[in-house]
Each structure stands twice: as structure tokens, then as C-alpha cells.
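Scroll down for the structure; my scribbles are underneath it.
What follows draws every value from the coordinates through simple rules; no lab data is involved. Just so it is clear, the structure is predicted and the values come from calculations on it, not from any experiment. Virtual Cβ from ideal backbone geometry, glycine too; neighbours counted across all protein chains shown.
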Amino acid sequence: MAIRIRSSFHSGGKPRTMAELASVIAMLAWKLAIDSIKRMREAEYDIDLGSAYFDFVCEFMIFLALAADRIAYRELTPEQRLEFTTALAQRIAAAIDDNRDMLLYDVAPGKIQQHVLELFNRRGAEYADHGYTEDGPDFGFRRCFAACLKEVLPEKDQLWAVDQVMEIESPEAIKALEKTLAGLFHPGEAKSRRPRRGVTGD
């Protein structure tokens, strides 16, 4: 990918809080969303500044947040997972709100955060029907993501966008997310992947 992602983090021996981990993933999600827009524009998909750009970023970051929640399910206690995912949703909403000028989306401060959190909850229910295993999101999970992003694009791009999102954008983003969370959840651990149980539910 075009951006460099840190996969290991040092905190001077002090355990990182779930809120701190969520902040790292929110920053990662922002970078991956912007990188994806650049790649799709280079592939001649029309993603105009304003509402389309804003909606694309929201859908992309929420997809990654919900994927991160599935990874947290297999790595954290239920209490830690709830704290992590709650903080992540809030950090993502704040990041989008903080960058509203860059997105050229003219909405009053605070309204964007409310919109993002409401969308996060709505998408969470939709993605819940699909699985996420040690191999990443299943076909339905990726298809749901593609369907959400497709609606952001003009009609001429919608048909082709599904393959682009499912075969390129989703795998690239998930690879970076998995690598980063492995470094956060298991700092100093061997690079080889640990055996993991699959996740098919919430």
C-alpha cells in the first residue's frame, strides 16, 4: 500500500488503555479511507469533494471499525471489547468531524458526530448477519461493504465498484487492520499468527 502502517507500538512497559488503542485504529482507518479514495480516483471512479467524499469516508471507516470489533471479540474479554469498540466509534466520529473542512462538508459542529454514530449503529446491525474468521471478513461481510460504498458513487460507476471494493479495497484495508491490531494486542509477540477461533455472530 502507499502508506506505511506501524504494526508494533511501545508504551514504556505500561499497558495501553482501550481508549488509546481505539485512537490508533481510528487514525489508521482515516488514512486507509483517504488512500482508498485516491486509488479509486486513479481508477477513474468519480468521488467528488463534498457529500460523496464524506459518505465514502464514513462508510469506509465504519467498515473497519466493525471489522476491528470482530477481531477484538477473539482477542479481548467481553468487557475490554465493549470498551474498545465504544471508544473506537467515538474516535472515528470525532476524527471525521475534526476533518470536515478537508472533506468540504458544510455541517454544524457536533452534527457530524451524531450522524456517524447513528450510521455506525445501523451498519452494525446489517453487518451482524455476516461472518468474520481468521481469514478475514466473509463474502457477505465484504458484499455488504461494497453495497454501502456503491451508493456513494454515480450510477455509471456503481456496477464496477462492487468488484473493486470486494477484491481490492477490502482486502488491502483488512490486511493493514489485522497487522496493526496484532501489534497492539500482542506487542513483542512472534510474527507468526496465533491460532484463532472464528467469529460468525455479533
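Points worth noting:
- For segment 68-77, backbone phi angles converted through the Karplus equation (6.51, -1.76, 1.60; θ = phi - 60°) give residue-by-residue couplings of 4, 5, 5, 5, 4, 4, 8, 10, 10, 6 Hz, Gly and Pro being listed as x.
- For ASN99, distant residues with modelled amide H under 5 Å away: none
- Karplus-based coupling profile of segment 41-54, in residue order and whole Hz: 5, 5, 8, 6, 8, 8, 10, 7, 4, x, 5, 5, 4, 4, with θ = phi - 60° in 6.51 cos²θ - 1.76 cosθ + 1.60 and x standing for Gly or Pro.
- Ranked by the mean number of other Cβ atoms within 10 Å of their residues, highest first, the peptides 159-165, 69-75, 120-126 come out as 69-75, 159-165, 120-126.
- For THR133, the amide hydrogen comes within under 5 Å of the amide hydrogens of ASP138, VAL199, counting only partners 5 or more places away or on other chains and with H modelled in the peptide plane.
- Each residue of segment 113-120 was assigned a 3J(HN,Hα) from its phi angle through the Karplus curve 6.51 cos²θ - 1.76 cosθ + 1.60 (θ = phi - 60°); the sequence is 4, 4, 4, 5, 5, 5, 5, 4 Hz, with glycine and proline shown as x.
- Amide H to amide H distances under 5 Å link THR17 with no residue, where only residues 5 or more positions off or on other chains count and H is placed in the peptide plane.
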